[in-house]
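Visitor: Next up is a structure, given as structure tokens.
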Amino acid sequence: NPSLHSEDVLFKFGKIKPFLDVFAKEIRKKKVKIMDVGGGSGLIIKEVQKYLKKRHGIKVEKVLLELSPEILAIQKKKNKDAKAIHGSVTKIPLKSKVDLTLMIDVLEHVPNPNKALKELRRVSKFVLFKVPLEDCLAFNTVNWFTRGRFRQRLIKILGHINVYSKKSLEQDLKKYCGEVWDEGLVNAYKYSFLKERRLDLKIFYLDAWVVSWF
């Protein structure tokens, strides 16, 4: 992903914005610390910072957590006021809690997702997720007809090593992290099939799932 999904930023931010309003209402603070895990180009957390300041008068202290030092450098260049941490979400080098963690299209890539969920519970008061739901009738049917090749292409092209349904995602969140406070469907079908966004998967990309929990 040479663009680090920069072209997706405004779409994704538009979908998580309502959950930021929920967070602002519940946190009741004028200064918060927000950690962005695996934040790609580093642009989503910039949008979050601007929105919370403009809409709710909340000042944001930013923390960037990234496994790749090269990508972390890119994120830091676009967020010069942020604290940059090279590390893994399964072993977060933080002792004190942050107010909110952003996990936008990250959980499906993590080799040990439940360990990551436990760590997030330890270091964050709130967490906002965006997770694709690929354990569904359409994907499973295509995978059956292709004798597993479709699933292998998803892993190879997108790096989605964890597959979730709405039910399995909610179960893991409640078991390893905490209470689910709010949720919603992204409905990414039309967006995914724009000419400039079409992936070489020969199948439509289904809705993603957004959840936030305390």
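The values are calculated or read from the model by the stated rules, or taken from the named source; none is laboratory data. Remember, predicted model here, so these are calculated numbers, not experimental data. Every residue, glycine among them, receives a Cβ derived from its backbone with ideal geometry; neighbour counts consider all protein chains shown. These area figures cover heavy atoms from the full protein model, side chains too; ligands, DNA and RNA do not enter into them. Shrake-Rupley method; radii C 1.70, N 1.55, O 1.52, S 1.80 Å.
Visitor: Look at Ile58 and say whether it is within 28 Å of Ala24 (Cβ to Cβ) and either more than 19 Å from the chain's Cα centre (by Cα) or small (Gly, Ala, Ser) (or both).
Guide: Numbers: within 28 Å of Ala24 (Cβ to Cβ): yes; either more than 19 Å from the chain's Cα centre (by Cα) or small (Gly, Ala, Ser) (or both): yes.
Considered against the rule, which asks whether it is within 28 Å of Ala24 (Cβ to Cβ) and either more than 19 Å from the chain's Cα centre (by Cα) or small (Gly, Ala, Ser) (or both), Ile58 comes out as yes.
Visitor: Here are some conditions: (1) basic (Lys, Arg); (2) in contact with a Phe, Trp or Tyr (Cβ under 8 Å, 6 or more places away or on another chain); (3) in a strand (DSSP E or B). Lys33 meets all but one. Which one does it not meet?
Guide: Status for Lys33: all satisfied but (2).
Visitor: Please go through the stretch 127-145 and give me each residue that is crowded, with 20+ Cβ neighbours inside 10 Å and modelled with pLDDT under 90, ordered by number.
Guide: Phe139
Visitor: Tell me which of these Val63 doesn't satisfy, since it passes every other one: (1) under 16 Å from Phe13 (Cβ atoms); (2) open to solvent by less than 60 Å² (accessible area, probe 1.4 Å).
Guide: Unmet for Val63, out of (1) under 16 Å from Phe13 (Cβ atoms); (2) open to solvent by less than 60 Å² (accessible area, probe 1.4 Å): (1).
Yes/no matrix, rows are residues, columns are (1) within 20 Å of Lys12 (Cα to Cα); (2) modelled with pLDDT of 90 or more; (3) among the aliphatic types (A, V, I, L, M):
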{"residue": "Glu108", "(1), (2), (3)": "yes, yes, no"}
{"residue": "Tyr164", "(1), (2), (3)": "yes, yes, no"}
{"residue": "Leu173", "(1), (2), (3)": "no, yes, yes"}
{"residue": "Glu179", "(1), (2), (3)": "no, yes, no"}
{"residue": "Ser192", "(1), (2), (3)": "yes, no, no"}
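Visitor: Give the residues of the stretch 93-107 that are over 19 Å from Lys17 (Cα atoms) and within 9 Å of the chain's Cα centre (by Cα), sorted by residue number.
Guide: Scanning the stretch 93-107 gives a single hit, Leu107.
Visitor: State all residues of the stretch 23-46 that are touching a Lys or Arg at 6+ places or on another chain (Cβ under 7 Å), farther than 13 Å from Ile74 by Cβ and surrounded by fewer than 23 Cβ atoms within 10 Å (Cβ to Cβ); if no residue qualifies, say none.
Guide: Correct list: Lys30, Lys31.
Visitor: Taking the conditions exactly as written (open to solvent by less than 70 Å² (accessible area, probe 1.4 Å), at pLDDT 95 or above and polar (S, T, N, Q)), does Asn112 satisfy them or not?
Guide: No, not satisfied.
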